[in-house]
Amino acid sequence: MDWIVRLLAVASASLATLGLTGNPLSTPDPKPRPMAHFREPAVPATTTTTLPAGLRCPGWYGLALEAGWHADSMPTLDYVIWRESRCLADAHNKTLNRDKSTDIGLTQINDRSWCLPTRWYPDGYLQNLGILEEAGCGELFDPFTNLKAAKALYDYSEKQTGHGWTPWNL
């Protein structure tokens, strides 16, 4: 079964490279971006930042720092990105949640909990914070926005429970 997913990913990447289509396994982004935007960026060989050893998704390190994450959080954040999306910014879990909610992007942020309207946040929690500008959750496919939103969720959880990784069950 795993080979089917890999075959579809290779076919999708090949077609995207030719400019024929986007990723057929994800919901179309309302603001189309080049597919390279969704793949893990290559870490430049001339980077002055020393990356921690053993990162599984090192290409997102710089963007995570830019989004407000601290370097000492990076090993755990890297694990979350790997576990949740396998480093793919356009990952979209539409099937595994019992409540029919979906999880979106690099850190698999839950739509029902964080970006859809609730009785406490009629526009959505992340919209209330100003991280998302539009209704819905499509902006979470953008890697920078997803990492920034994940940092806000981490900070919220840290304040509420004393443990920032609670949204990811760590």
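The values are calculated or read from the model by the stated rules, or taken from the named source; none is laboratory data. Being a predicted model, the structure only gives us computed values, none of them experimental. Quick reminder, even Gly has a Cβ in these numbers, built from the backbone with ideal geometry, and neighbours come from all protein chains shown.
Before moving on, here are some points about what is shown:
- Residues located in the range 41-73, provided they are under 20 Å from the mean Cα position of the chain (by Cα) and at pLDDT below 65: Pro41, Ala42, Val43
- Verdict on Thr27 being outside any helix (DSSP H, G or I), among the polar types (S, T, N, Q), loosely packed, with under 10 Cβ neighbours inside 10 Å and at pLDDT below 95: no
- Output for the range 131-143, where each listed residue is modelled with pLDDT under 95 and surrounded by 14 or more Cβ atoms within 10 Å (Cβ to Cβ): Gly136
- Out of Asn128, Asn146, Asn97, Asn169, one residue alone is assigned by TED's automatic domain parsing to the domain that holds Leu77, surrounded by fewer than 22 Cβ atoms within 10 Å (Cβ to Cβ) and within 20 Å of Leu77 (Cβ to Cβ). It is Asn169.
- Taking first residues from the range 87-102 that are in contact (Cβ under 8 Å) with a residue 60 or more places away in the chain and partners that are of a type in the set (Phe, Trp, Tyr), the Cβ contacts under 9 Å between residues at least 6 apart in sequence or on separate chains come to Asp90/Phe38; Asp90/Phe141; Ala91/Phe141; His92/Phe141.
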